[in-house]
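Here is the structure we will look at.
The values are calculated or read from the model by the stated rules, or taken from the named source; none is laboratory data. Worth saying up front: this structure is predicted, and the values here are computed from it rather than measured. Neighbour counts are summed over all protein chains in view; Cβ atoms, including those assigned to glycine, are modelled from backbone coordinates with ideal geometry. What goes into the accessible areas is simple: the full protein's heavy atoms, side chains included, and nothing from ligands, DNA or RNA. Shrake-Rupley method; radii C 1.70, N 1.55, O 1.52, S 1.80 Å.
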Amino acid sequence: MQKFSTQSFRTWCILAAVVLVAACSSLKLAYNNGDTLLYWWLDNYVDFEDGQRGEVKKDIDNLFRWHRKTQLQDYIHVLQKAQKQLQGNPTQAELLADYNDVRARTQALLLKAAPDIADLALSLKPEQLEQMEKKFAKNNADFRKKNMKGDKADQNKYRYKKSMEQFELWFGNFTNEQENTIRAASDARPLDNNIWLDERMRRQRNVLALARRIVQEKPSREQATAQIQALIRESFTRLDNSERKPFFDAYTNSTIELVHTVIRIATPEQKAHAHKRMQGWINDFTTLAAEVK
């Protein structure tokens, strides 16, 4: 099986997140076309050669079949748990546990994929790594344009609007009073987009460095897998071991407080809206899981 770098499988996690926040009416459509979307996304980073395209498409098809067969039922259980929490007003400790659970699931998924990622890394060409580096640079420029425009007030406003898009998806419309409360909780989060940009560039450099080393040295599949697994683990422990840990901890805790605030001030009607949306996703995932080929 042909594969490439750790960034490639992170794409699946991004795609899964997109599916999870998609409108209920379009979730099945997005998931059923996810293999094509994922291929286009990857091709935009790497620019596959003729000899790679067929193998990559086949691997993505296999990945989606595996995910549909083994993971969707787990999504259903997570959503059902969220429905129960919403009814009982979850505590900040429960929300933190949910966050840590998602992190653990994501890491386990990446580690499971490491052998396949190693196969693709071993097939990459130097010019494809250059394409990936250019794409990273373009993404970083886009991050600066969107997240670092203007002064602190402008950046806080942009961050708040991004959060509200998600909250409105879940709960529907909010009153002006509710929006003021949410805005205050949003602005209370530490704001330093230079740190986030630096961290994302650091991850990109690590991915490129490992990919280049694998392309140049051509280690065995087992050796490449071990190197990729080490990078995955390091990326997850970075927040705990970094000199920036106080900032990361403060941001995580204040973001959880933001979510807790939204749930706390939500009306019964808004919670019913969230419950109905989650039930729609549960129904869609149930249907998708039953369509395993």
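Projected label points at residue 290 and residue 71, each 7 Å from Cα along the beta carbon direction, are separated by 2.3 nanometres. Taking every protein chain into account, the accessible area of the chain amounts to 53 square angstrom per residue (probe 1.4 Å). Given the options 250, 272, 211, state which has the largest fluctuation in a GNM of the chain using a 10 Å cut-off (strictly under) for Cα springs. Its mean-square fluctuation being the largest, the pick is 250. Using the basic label-point model (7 angstrom from Cα toward the beta carbon), what is the residue 222 to residue 112 distance in nanometres? So the label points at residue 222 and residue 112 sit 2.4 nm apart.
For the pair residue 125 and residue 53, the difference between a 0.36 nm per residue extended length and the Cα-Cα distance amounts to 24.5 nm. Taking the C-alpha atoms only, the angle from helix 176-187 to the longest principal axis of the chain is near 50 degrees. Rounded, prolate or oblate, given the Cα gyration tensor of the stretch 122-183, with a/c below 1.5 counting as rounded? Oblate, since a/c reaches 1.5 and b/c is not below a/b.
Could you give the distance between the Cα centres of the stretch 234-272 and the stretch 31-65, to the whole Å? Comparing the Cα centres of the stretch 234-272 and the stretch 31-65, I get a distance of 33 Å. Electrostatic bookkeeping for residue 275 treats Lys and Arg as +1 and Asp and Glu as -1; over the other residues with beta carbon under 14 Å from its beta carbon, the sum is +4. Using heavy atoms of the protein chains and a probe of 1.4 Å, the accessible area assigned to residue 291 is about 80 Å². For helix 50-70, what angle does its Cα long axis make with the longest principal axis of the chain, in degrees from 0 to 90 and rounded to 10? Once rounded, one gets 40 degrees. Relative to one another, the C-alpha centroids of the stretch 124-166 and the stretch 168-233 are positioned 11 Å apart. Any idea what angle helix 268-290 forms with the longest principal axis of the chain, computed on alpha-carbon atoms, 0 to 90 degrees, nearest 10? Here the helix axis deviates by roughly 30 degrees.
Using C-alpha pairs below 8 Å separated by at least 6 residues, the relative contact order for the chain is 37 percent. For residue 135, neighbours were defined as the other residues whose beta-carbon sits under 12 Å from its Cβ, and their charges (Lys and Arg +1, Asp and Glu -1) total -3. For the stretch 51-291, the square roots a ≥ b ≥ c of the C-alpha gyration tensor eigenvalues yield an a/c of 1.5 or more together with a/b not exceeding b/c, which makes the shape oblate. Counting only protein heavy atoms, what percent of the accessible surface of the chain is carbon or sulfur at a 1.4 Å probe? With neighbouring chains kept in place, the figure for the chain is 53 percent.
Annotation: residue 69 carries an accessible surface of approximately 150 Å², with a 1.4 Å probe and no ligand, DNA or RNA atoms counted. Pull out a ≥ b ≥ c, the square roots of the eigenvalues of the alpha-carbon gyration tensor of the stretch 228-293, then state rounded if a/c is under 1.5, prolate if not and a/b is larger than b/c, and oblate in the remaining case. It comes out oblate by the Cα gyration axes.
For a straight C-alpha distance cut-off of 21 angstrom, the lysines reachable from residue 157 (same-chain residues fewer than eight places away being disregarded) are 145, 146, 149. The calculated 222 nm mean residue ellipticity attributable to helices in the chain amounts to -29000 deg cm²/dmol, summing -39500 (n - 2.57) over DSSP H runs of n ≥ 4 and dividing by all residues.
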